[in-house]
1. Which residue fluctuates the most in the chain, going by a Gaussian network model with Cα springs under 10 Å, if the choices are R299, R262, R214?
2. Would you tally the net charge around E127, using a Cβ to Cβ cut-off of less than 10 Å, leaving E127 out, and scoring K and R as +1, D and E as -1?
3. Using only the Cα atoms of the chain, build the gyration tensor, take square roots of its eigenvalues as a ≥ b ≥ c, and label the shape rounded, prolate or oblate: rounded if a/c is under 1.5, else prolate if a/b is larger than b/c, else oblate.
4. Determine the shape class of region 143-301: with a ≥ b ≥ c the square roots of the Cα gyration tensor eigenvalues, call it rounded for a/c under 1.5, and otherwise prolate if a/b is greater than b/c, oblate otherwise.
5. May I ask you to sort Y159, Y269 by Cβ crowding, counting other Cβ atoms within 10 Å and putting the fewest first?
6. Could you tell me the center-to-center distance, by alpha carbons, between region 59-125 and region 188-261 in angstrom?
7. Placing +1 at every Lys and Arg Cβ and -1 at every Asp and Glu Cβ, with all other atoms neutral, what dipole size does the chain have around its Cα centre, in debye to the nearest 20?
8. Given the options F151, M304, S260, identify the residue whose Cα lies farthest towards the positive end of the charge dipole of region 2-312 (+1 on Cβ of Lys, Arg; -1 on Cβ of Asp, Glu).
Amino acid sequence: MKYRILILFILTLSISFAQQEFKKNATAGFVFLELPVTARGAALGESSITLSDMNASGIFSNIASTGFTEQTHSFFASYSPWIADIKHYASSYIFNTSFGVFGVGFIGVDYGSMPKTKKIAGQRVYEVLGTFNANALAVGITYSRKLTDRFSFGVGAKYVKEGIDIYSVDNFLFDGGMLYYTGLGSLRIAATIQNFGVDAQYINDPFKMPALLRLGLAGEVFGDETTEYKVTALVEALHPNDADEKLNTGLELSWMNMLSLRLGYKFFYDEESYSFGFGVNPNLSIPLTLDFAYSDYGRLGKIMRLSLQLGVN
């Protein structure tokens, strides 16, 4: 009973906090933190905060999910060739102890090299002076703990930095989340607050952080962990501080916990819409999972993502 009261308190506090702090500012910095990281989450339309079997990859969706891991060690890596030849990398590691689950995570974005030019006075041409680079990174630590067989919470802190040529800006941000099995069948609820921090300043221009409140609901509509087939439905509401509210949905069909087919659809986005993918778990002596996702970004093109996860029981 006391955990239900705690969960209701956290949800009420999150919504109240969002109404006061998540004001629409039209723009925010460090937007690379809003990119999907895991192939499984991307294939499900980024509706993954209610999944409790994410292991190390859960650091990037809902830290609380790592509290449900059954592995002692878990390592995750992901790569995506993003829009406009941008390269997006991510990796994480968690260690499960009797005191809770500790983790570290990394996100890197390489925007590539671009020509540096200077306008020639009195002419309509530019002189090429060389090239310059742009990149971004986030490095963080996390902690989660399963308080009961139904409830887990997680918190994290990360250092973020973004630079272009000789200019750069950095900041410290915080994440938090909870995941709760309601006891009504397999129904679970989850909430996260991501990328919360004070304003930063690029040269002389201050800007907001890409703070995001997510509320999720999920459950098995057919089968469970003990059956040959399992179908999981997920829905997730997003409340960002730099855009209108959005809705993500996903559906995952699993066979023998070895092969998973996934579909996702996003509502109220300008370009993003459907996504799909699959996951393979060959049930080796060392847990290994390979995930692939394909996402439609409308006029911006198609995005593919590949993720690999290893574990030690």
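Laboratory data are not the source of any read-out in this text; all were calculated from the coordinates shown. Computed from a predicted structure; not experimentally measured. Virtual Cβ from ideal backbone geometry, glycine too; neighbours counted across all protein chains shown.
1. R299
2. Values: positive: K116, K118, K119; negative: none.
Once all neighbours under 10 Å are counted, the net charge is +3.
3. Because a/c hits 1.5 or more and a/b exceeds b/c, the chain counts as prolate.
4. prolate
5. Working: Y159 13, Y269 17.
If I rank by nearby Cβ atoms, fewest first, I get Y159, Y269.
6. 17 Å
7. In total the dipole reaches around 320 debye.
8. F151
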